[in-house]
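Following: one structure in structure tokens, then a few remarks.
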Amino acid sequence: MAQTAAQETFAERLKQAMSQRGLKQAGLIHAASELGGKLGKSQVSQYVSGKTIPRRDVVALLAQILDVDAAWLATGAAASTTAPADRATGRHEAAEPSVSSSSRADAHQVQRSTPMREFSKSSKLENVLYDVRGPVNDEAEAMEARGEHILKLNIGNPAPFGFRTPDEVIFDMRQQLTDCEGYSASRGLFAARKAIMQYAQLKHIPNVDTSTIYTGNGVSELIQLCMQALLDNGDEILIPSPDYPLWTACATLAGGTAVHYRCDEQADWNPDLADMESKITPRTKALVIINPNNPTGAVYPREVLADIVEIARKHQLMIFSDEIYDRLCMDGIEHVSIASLAPDLPCVTFSGLSKSHMIAGFRIGWMVLSGNKRCMKDFIYGINMLSNMRLCSNVPAQSIVQTALGGHQSVTSYVVPGGRIYEQRNYVYEALNAMDGVSAVKPKAAFYIFPKLDVKKFGITDDEQFALDLLHEKHILITRGGGFNWPEPDHFRIVYLPRMGVLREAMTDLADFLEHYHQ
């Protein structure tokens, strides 16, 4: 470790004082012993070489031995003398060589101990962001700490907005809680995986069995596990833009390179297939789709999915499909799992209960490996290893998967005409498009909308500053478009989970803000 200036100058003063007294390191150690103190050989060597600075009590002991002022020794500051030479020639007022209490206090105030090295974050995090809970969210928390009320439209967390977990799910967890005290199998409880397998079969996903189904502490954990198992340094993976930022973050942390293909706002936010294929290189291992999409609410039609499968087949890519919102489709739209169209390709399909059953805090998700498992045999070995290392996912949450998937699907009532999510979606969509300088594509699923701002009208060059300005003036917390790896500063995401009265107030405040806003 490099020496600091303080360490170097302390060593110089110490050597100067030792020279004036005619003491070497061994003599210093012996003198300390005679005064009832203790100095080790290695300890003194560290001080003399400038590798460290002693504690204040050791500074006082050294000053007493060397007949110098402790403040001078610690910092070079003049006290009753200016240098050890003054003491050697008798040009000082204090005849007593012992260190005064005031000198000890001075030394304590100026130099407490050896400066501690700084611990920086890993360089792996340099290109990682998660602005759903990022700097703007940090500012919102600081404002809340000052007693200010913040409307949080930045995160899809159903519980604070009155969405309740189905009663039978809570009842079944309570009944089974005492049976969930130990670890489960690393993949998860058999009953949970069996229910997931049957659900996958209903989605027409081929070649599924319980041995290649894994439960996780939410889908987030399983995404991270997959990226670690698949990617070597420099490997590339295609991820949509805008994306759910965890995908890009996990690929980057695993040493891979996230390459973003464009989703086309003019085509209902469906993937731009030409752009997707143009981004493929010899280093590309896999492609990711998020369907239904977060943050846009898009649901990809069967023909688009079939074209994506053809691209993956042509370039021999693995497919990862994030389908956590597959049960929140609206307007009679059918969700199609891409794995059902790719029996000959290695596919990993992700889903869970956090959104469909309004139990985000329970942290229960899963992934289903399907299709051509022969060509991902070694990948599965890696998944098993990492799955074993984390022992298992949340067992109480696993215990209610069977009930949740097989019982009444309460979310259905939310996403049909008259349902909360359906009606709130419609209201926010219409309110945003009625604002001058704002446009939005109508979401088909989930509970997010990704509106576009006229950056020329509002003079926007920094979407984070836009989010901060809105937060400070109207106390509304949103997530900027750049937080979803969208390259221009012209979008933001709103969560439309609050009840209608709150949403009306929020849209009124946003419209008022935009009437005069210019960055």
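Summary of computed values
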item	result
Amide H contacts under 5 Å for HIS260, placed H, 5+ residues apart	ILE239
Magnitude of the charge dipole, the chain, Cβ model with Lys/Arg +1 and Asp/Glu -1, debye to 20	1920 debye
Net charge over other residues, Cβ less than 13 angstrom from the Cβ of MET435 (K, R count +1; D, E count -1)	-4
Residue-averaged 222 nm ellipticity for the chain, from DSSP H runs of 4+ at -39500 (n - 2.57), nearest 500	-12000 deg cm²/dmol
Rel. contact order, % - alpha carbon contacts under 8 angstrom, at least six apart, the chain	16 percent
Cα lying deepest toward the dipole's positive end in the chain, options CYS392, ALA191, THR215, charges on Cβ	CYS392
Formal net charge of residues neighbouring PRO292 (Cβ-Cβ distance under 11 Å; K, R +1; D, E -1)	0
Portion, in percent, of the accessible area of the range 439-519 that falls on carbon or sulfur, probe 1.4 Å	47 percent
Most to least packed among 393-405, 131-143, 224-236 [average Cβ atoms within 10 Å]	393-405, 224-236, 131-143
Shape category assigned to the range 438-519 from the gyration tensor of Cα positions, a/c cut at 1.5	oblate
Modelled FRET efficiency - R0 60 Å, ARG164 with THR281, Cβ distances, 0.05 increments	0.80
Inter-label distance, nm, simple model (7 Å from Cα along the C-beta direction), GLU303/SER45	7.9 nm
Accessible area per residue, Å², the range 267-315 with all protein chains present, probe 1.4 Å	37 Å²
The range 172-325, accessible surface, carbon-and-sulfur percent (1.4 angstrom probe)	47 percent
Three-way shape label, the range 321-369, alpha-carbon gyration tensor, a/c 1.5	oblate
Within the chain, percent of DSSP bridges classed antiparallel, to nearest 5	50 percent
Cα-based reach from LYS38 at 17 Å (exclusive), listing lysines while leaving out same-chain residues under 8 positions away	LYS24
About the Cα centre, charge dipole magnitude for the range 343-432 (Lys/Arg +1, Asp/Glu -1 at Cβ), debye	240 debye
Overall form of the range 166-222 per C-alpha gyration tensor (a/c, 1.5; a/b vs b/c)	prolate
Mean accessible surface per residue for the range 394-508, computed with a 1.4 Å probe while every protein chain stays in place, in Å²	36 Å²
Set of aspartates and glutamates near LYS15 by C-alpha distance (under 18 Å), chain-local residues within fewer than 8 positions excluded	ASP67, ASP69, ASP86
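The values are calculated or read from the model by the stated rules, or taken from the named source; none is laboratory data. Just so we're clear, the structure is a prediction, and the values are computed from it rather than from any experiment. Every residue, glycine among them, receives a Cβ derived from its backbone with ideal geometry; neighbour counts consider all protein chains shown. Side chains are part of the model used for accessible areas, which takes the heavy atoms of the whole protein and leaves out ligands, DNA and RNA. Shrake-Rupley method; radii C 1.70, N 1.55, O 1.52, S 1.80 Å.
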